[in-house]
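To keep things clear, I will list the structure first and then write my remarks on it.
The values are calculated or read from the model by the stated rules, or taken from the named source; none is laboratory data. Just so it is clear, the model here is predicted, and its values are computed rather than measured. Note that each Cβ is placed from the backbone with ideal geometry, even for glycine, and that neighbours are counted across all protein chains shown.
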Amino acid sequence: MNAKKLAVRVINMAGIVAAGALITGWERPRRREAVAAERQRAAENLELERRARQAEQAAAEERSRIARDIHDGIAQSLYMLSISLEACAELAAKGERGLDQRLTSLSRLSKQALLDARHYIFDLRPLQEGRASLSQTVQRQVEEFQTVTGIPAEVVVTGSESPLPLTASMGLYRIVQESLANVYKHADASCVEVHLAFQQGEVLLQVADDGKGFVIEGEHGGHGLSNLSERARELGGRLDIASGPGQGTCVTLTLPSPMTAAKSGNG
Ligand SMILES: Nc1ncnc2c1ncn2[C@@H]1O[C@H](COP(=O)(O)OP(=O)(O)O)[C@@H](O)[C@H]1O
Ligand SMILES: [Mg+2]
């Protein structure tokens, strides 16, 4: 009897040990998976934090760039406007000559400030959200230029448009913006044409005016033009400026575009 009880007990214990081993065997991989999942979550959180920091830094840089731009552009124009208006008031009070010329130049200056201001409020969301193509955006931009400045401006698009990466489209928009601002500020042009050509393997942008032109010195003189060259290089493209006294100015941007290459290659 005792031997029988002992045997039952031994069998029970063996059963318990076997079940324990079985459960541990199941549990171990599950625990390993849980630890791996936990590690992955931690890594994902770190990555999200890193991206958020990067986005914050980019936004801060953009803000200070805009502040600098406003300081050099609109704020400067408004300052000039305010002191020149005071001078005009004095001329008017004394009945002196030259008032009409002063007022004409002030009107130009105010349009320049308006053009600068419009640059910051131009709605780029349709382009960013893929609701408007690049050529439609440039068309709207050029129409606005014409409305503000009164200089006839036309957009010509050739080739079939393929969507560019957003960084390229945005860069191109900014190059049009600065080139048009230069036309208004410096060219004294009677018209301007913006040509957007989608050709095999590249996109070509030209902003050409028939104004007074200028002598190109060194790396394109001012900040605006060297910024344009730098922007073109960042996009993997090239910026060429053709100008000369009395010859008008043509700014040409050439950007490689693998998408137009694929399209042309297939058809
Ligand atoms: N379309 C243009 N027509 C005539 N002159 C121009 C034109 N674009 C640029 N320039 C000349 O090149 C200079 C440098 O231009 P830019 O680098 O944009 O600087 P900014 O516009 O601040 O003067 C201008 O001051 C002007 O003399
Ligand atoms: Mg400029």
Worksheet item: Ile74: within 25 Å of the chain's Cα centre (by Cα) and β-branched (Val, Ile, Thr), yes or no?
Response: yes
Worksheet entry | Residues located in region 176-214, provided they are touching a strand residue (DSSP E or B) at 6+ places or on another chain (Cβ under 8 Å), part of a loop (DSSP other than H, G, I, E, B) and within 9 Å of ligand 1 (Cβ to nearest atom) | Ala189, Gly211, Gly213, Phe214
Worksheet item: Just one of Ser162, Ser169, Ser135 is of a type in the set (S, T, N, Q) and in contact with a Lys or Arg (Cβ under 7 Å, 6 or more places away or on another chain); which is it?
Response: Ser162
Discussion item. Checking Thr249 against (1) more than 10 Å from ligand 1 (Cβ to nearest atom); (2) touching a Gly at 6+ places or on another chain (Cβ under 7 Å); (3) under 17 Å from Tyr184 (Cα atoms), only one condition comes out false. Which one?
Written reply: (1)
Worksheet item: Wholly within region 47-135, which helices (runs of 4 or more DSSP H) include no fewer than the required count, namely at least 1 residues that are of a type in the set (Asp, Glu) and at pLDDT below 90?
Response: 99-121
Practice prompt. Answer yes if at least one residue in region 153-172 is within 15 Å of ligand 1 (Cβ to nearest atom) and touching a residue at least 24 places away in the same chain (Cβ under 8 Å), and no otherwise.
Written response: yes
Discussion item. For Ile175, only one of the following conditions fails: (1) touching a helix residue (DSSP H, G or I) at 6+ places or on another chain (Cβ under 9 Å); (2) over 29 Å from Ala113 (Cβ atoms); (3) of a type outside the set (Phe, Trp, Tyr). What is its number?
Written reply: (2)
Worksheet item: Does region 33-40 contain at least one residue that is basic (Lys, Arg) and loosely packed, with under 10 Cβ neighbours inside 10 Å?
Response: no
Discussion item. When you check Val148 against the structure, is it within 16 Å of ligand 1 (Cβ to nearest atom) and under 17 Å from Tyr120 (Cα atoms), yes or no?
Written reply: no
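Okay, residues lined up against (1) within 16 Å of ligand 2 (Cβ to nearest atom); (2) surrounded by fewer than 15 Cβ atoms within 10 Å (Cβ to Cβ); (3) hydrophobic (A, V, I, L, M, F, W, C):
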site: Val138; (1), (2), (3): no, no, yes
site: Pro152; (1), (2), (3): no, yes, no
site: Val156; (1), (2), (3): no, yes, yes
site: Leu166; (1), (2), (3): no, yes, yes
site: Tyr184; (1), (2), (3): yes, no, no
site: Leu196; (1), (2), (3): no, no, yes
Worksheet item: Under the condition of being surrounded by 15 or more Cβ atoms within 10 Å (Cβ to Cβ) and polar (S, T, N, Q), which residue from region 75-109 is farthest from Ala181 (Cα to Cα)?
Response: Ser84
Worksheet item: Right, Leu134: over 23 Å from Arg238 (Cβ atoms) and more than 16 Å from ligand 1 (Cβ to nearest atom) or not?
Response: no
Discussion item. Based on this model, can you work out whether Gln136 counts as in contact with a His (Cβ under 9 Å, 6 or more places away or on another chain) and not charged (D, E, K, R)?
Written reply: no
Worksheet item: Restricting attention to region 187-231, and to residues there that are modelled with pLDDT under 95 and small (Gly, Ala, Ser), which single residue is farthest from Arg108 (Cα to Cα)?
Response: Gly201
Worksheet item: So, of the residues in region 215-244 that are of a type in the set (A, V, I, L, M, F, W, C) and part of a helix (DSSP H, G or I), which turns out to be farthest from ligand 1 (Cβ to nearest atom)?
Response: Ala232
Worksheet item: Among all residue pairs at least 6 apart or on different chains, which show Cβ distances below 7 Å where the first residue, located in region 6-22, is at positive phi and the second is in a helix (DSSP H, G or I) and at pLDDT 80 or above?
Response: none
